[in-house]
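The values are calculated or read from the model by the stated rules, or taken from the named source; none is laboratory data. What you are looking at is a predicted structure, and each value in this text was computed from that prediction instead of being measured. Glycine also receives a Cβ, built like all others from the backbone with ideal geometry; neighbour counts cover every protein chain displayed. The protein model used for the area step is the full one, side chains on, heavy atoms only, and it has no ligands, DNA or RNA in it. Shrake-Rupley method; radii C 1.70, N 1.55, O 1.52, S 1.80 Å.
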Amino acid sequence: MSIDRIAGSDIMGDNVKREKTYPKVLVIAGSEPLGSAGVQADIKSITCCGAYAAGSITCIVNEDTTAVKDIYPLPVELVIGQADSFLSDVGACSIKIGMLFTEELIAGVAGLLKKYPGIPAVVDPVMVNATGQRLVELSAIEAYRNELFPLATVITPNAREASLLLGHEITLDSAEKDMEALCAFGCSAIVKSVRPCGRQIDLFMKAGSEGYEIIEKEMIRTPNVNGTGCTFSSSIAAYLARGFTLESAVHKAEEYIDGAIRAGSEYLFGKGFGPVCHNYRFNTEAK
Ligand code: PXL
């Protein structure tokens, strides 16, 4: 579609030196109405971790805190067009990829990453949400493995998503083989919430390295975990955009999400799964 211009649009000259650049993260992810997950969580997380957030929406999700009710994917040309507009004009320091839902969207995003090589990409393969609902078409799982992961810097599946990707359950006993299998897709990997008997463990392995890291955290029992995966992966993207190494970005993001879950656990929010408190490092007291 061509949009008419019916008036002139001169850019005014500036009288302030413009020397600064933002550490910019382009988010490609779904939108939801609660402000807990998807693009909404990504933008909050990136902002609170000190980077600039831009975004292209992949699908519109209708959900409340108890269930996902509807998912409407947007046309691939529009999704890729939005991202291309930002990348070609402004440019990104990192890319965070969230819910893609269809094989066609995965192929489109893979094409985009090939067009703009060299930008670190954090791929959160959103497949299962906090309530256990599937957020991906089954045909898309293969496309993640074959088309997108080889172009990713790091993938951040939760334990259920890692199990879907590997075709068997991931456990601490099989962790070394499983992490190697995930990295064999051509990227680093961090698997969140591997839960052997009440412990809270994430596993991190850098592509091409020997061995993996066990990151053990205190278990926080709370229903306010909607969007934890989005928030965590966006935080990694923000720190990568700011120039931290992948290892440092992962550790800083672990610290951020731990604080956000802890702070968010004190809030009442709907009848089901609520959000983390993204802005806990800022003053949230009412006057
Ligand atoms: O948390 C997974 C997730 C990601 N993206 C969108 C969502 C959800 C969870 O419901 O709605 C848009």
Subject >> Failed condition for Glu254, given (1) over 15 Å from the mean Cα position of the chain (by Cα); (2) farther than 15 Å from Thr47 by Cβ >> reply: (1)
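Which of the residues spanning segment 253-287 are among the polar types (S, T, N, Q) and surrounded by fewer than 13 Cβ atoms within 10 Å (Cβ to Cβ)? Walk me through how you get there before you give the answer.
Initial filter on segment 253-287 (among the polar types (S, T, N, Q)): 265, 279, 283-284.
Scanning segment 253-287 gives Asn283, Thr284.
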**OP:** Could you grab me the full set of residues in segment 83-118 that are in contact with a strand residue (DSSP E or B) (Cβ under 9 Å, 6 or more places away or on another chain), surrounded by fewer than 18 Cβ atoms within 10 Å (Cβ to Cβ) and not in a helix (DSSP H, G or I)?
**Re:** Val90, Gly91, Tyr116
Original post:
Restricting attention to segment 148-164, which residues are away from the ligand (no atom under 16 Å from the Cβ), open to solvent by 40 Å² or more (accessible area, probe 1.4 Å) and part of a helix (DSSP H, G or I)?
Top reply: Pro150, Leu151
Original post:
From the list Ser31, Ser45, which residue is among the polar types (S, T, N, Q), at pLDDT 95 or above and either more than 11 Å from the ligand (Cβ to nearest atom) or farther than 25 Å from Pro223 by Cβ (or both)?
Top reply: Ser45
**OP:** Spot the failing condition for Asp42; the list is (1) charged (D, E, K, R); (2) within 17 Å of the chain's Cα centre (by Cα); (3) open to solvent by 80 Å² or more (accessible area, probe 1.4 Å), and only one is missed.
**Re:** (3)
**OP:** Please enumerate the residues belonging to segment 217-233 that are part of a strand (DSSP E or B) and modelled with pLDDT of 95 or more.
**Re:** Asn226
Original post:
Taking segment 133-147, which residues are within 16 Å of the ligand (Cβ to nearest atom) and either open to solvent by 40 Å² or more (accessible area, probe 1.4 Å) or in a helix (DSSP H, G or I) (or both)?
Top reply: Gln133, Arg134, Glu137, Ala140, Ile141, Tyr144
